[in-house]
Amino acid sequence: MQKFRTPCIKTGDFARLCGTNKRTLFHYDQIGLFSPACTDEKGYRYYSENQCDVFFTITCLKELGMPLKEIKEYITHLSPAAMEQLLTGQMEQVNAEMRRLSHIRTVIDTKLSLLRHARRFQDVSGLSDVFLESQEQDELLILSAPLYSDDHDTLFPSLCEHIGECSRDNLNSGYPYGAMMPWESLEKGDYGTYAYFFTKTRLPLEQIPADKSIHRKKAGQYAAVYLRGDYYESEGAFDALLAWVHRQGLTAGTFVYKEAVLDELSAREEEFLTRICVPVNQD
């Protein structure tokens, strides 16, 4: 027969019901955070089933990083206004954590995509053949300040500044940085002039800060060549790309895009894989 006016269950049963253990319940009782509904003459603790919701709320707040002392303070001064204020603050924290985890997931997905793409070129040693490659959708590139320089003392600080800004603003979606080079310069035999550095992003345009320079890399056909090895030893790749475009009678776009597929995160230097491509149209 039930000993108490309010229907109650034993500590072990309540612990199983709430996905916890008796030790946690004893601790919460000791610190005055969450006590049993009833205690019999032998000191056995009993909990009412309607306490499950209170315990669940405590668990959620604890998982959000709220100290037990603060949770106890809230529980001690219950009111609808206090509940609204507490939940509003916790909702902001949850939303921030969801954004953080979403960004991490995007980075992981990007890295997996790059690894799968690189697998298609696992037999490439040195340079691949030049071929036409389709880009199905526009891509958004966040640009550095304009460069149009081959001076290392100018390029390197600009690259560092660009990477730092993208990192601080959480704009990097997991792609290694890339570089845009003027096709016109390549045709003159100038393989060292960089127009911009860029970081590819998966963020929609409306989520990119207004002060960032954005370049839309259009969907379409690209003449592409893949380089195995040192990212900076790309003269042969540029020679091959230029010769192929001219031989095919194609018109190249304004910029050549040079970007890592496999970088130091996933391969040794001699196994790095770099994609160099330029948009092309029939004359």
Subject >> For the chain, with +1 on Lys and Arg beta carbons and -1 on Asp and Glu, the positive-most of 231, 19, 156 along the dipole >> reply: 19
Original post:
What nm value, rounded to one decimal, do you get for the distance between residue 62 and residue 270 when each label is placed 7 Å out toward the C-beta?
Top reply: 5.5
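Pop the C-beta distance of residue 17 and residue 86 into the FRET formula with R0 = 22 Å and round what comes out to the nearest 0.05.
0.35
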Subject >> Gain in span if fully extended, residue 94 to residue 31, counting 0.36 nm per residue against the direct Cα distance >> reply: 20.0 nm
Original post:
In nanometres, what is the gap between the two model label sites at residue 235 and residue 49, each 7 Å from Cα along Cα-to-Cβ?
Top reply: 8.2
Original post:
Which chymotrypsin sites (Phe, Trp or Tyr not before Pro) in segment 135-230 pass both tests, a DSSP loop state and at most 14 other beta-carbon atoms within 10 Å?
Top reply: 148
**OP:** Note the full-extension length gain between residue 212 and residue 122 as 0.36 nm times their separation in residues minus their Cα-Cα distance, in nm to one decimal.
**Re:** 28.8 nm
**OP:** Counting other Cβ atoms within 10 Å, keep those with at most 12, restrict to DSSP loop, and tell me which trypsin sites (Lys or Arg not before Pro) in segment 1-99 are left.
**Re:** 3, 5, 42
Original post:
Do any of 69/212; 69/111; 72/111; 62/200; 10/62 go past 32 Å between their Cα atoms, and which?
Top reply: 69/212; 69/111; 72/111; 62/200
Subject >> segment 105-207: GluC sites (Glu not before Pro) falling in loop per DSSP and having at most 10 other Cβ within 10 Å >> reply: 136
**OP:** With a bin width of 10 angstrom, please list the P(r) values of the chain as percents of all Cα-Cα pairs, from the 0 bin to the one holding the largest distance.
**Re:** 6, 21, 22, 12, 9, 11, 11, 6, 2, 0
**OP:** Set the Förster distance to 22 Å, then compute FRET efficiency between residue 205 and residue 145 from the Cβ-Cβ distance, nearest 0.05.
**Re:** 0.65
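Here, each number is a calculation from the coordinates, and none is a lab measurement. Note that this is a predicted model, so its numbers are computed, not measured. Every residue, glycine among them, receives a Cβ derived from its backbone with ideal geometry; neighbour counts consider all protein chains shown.
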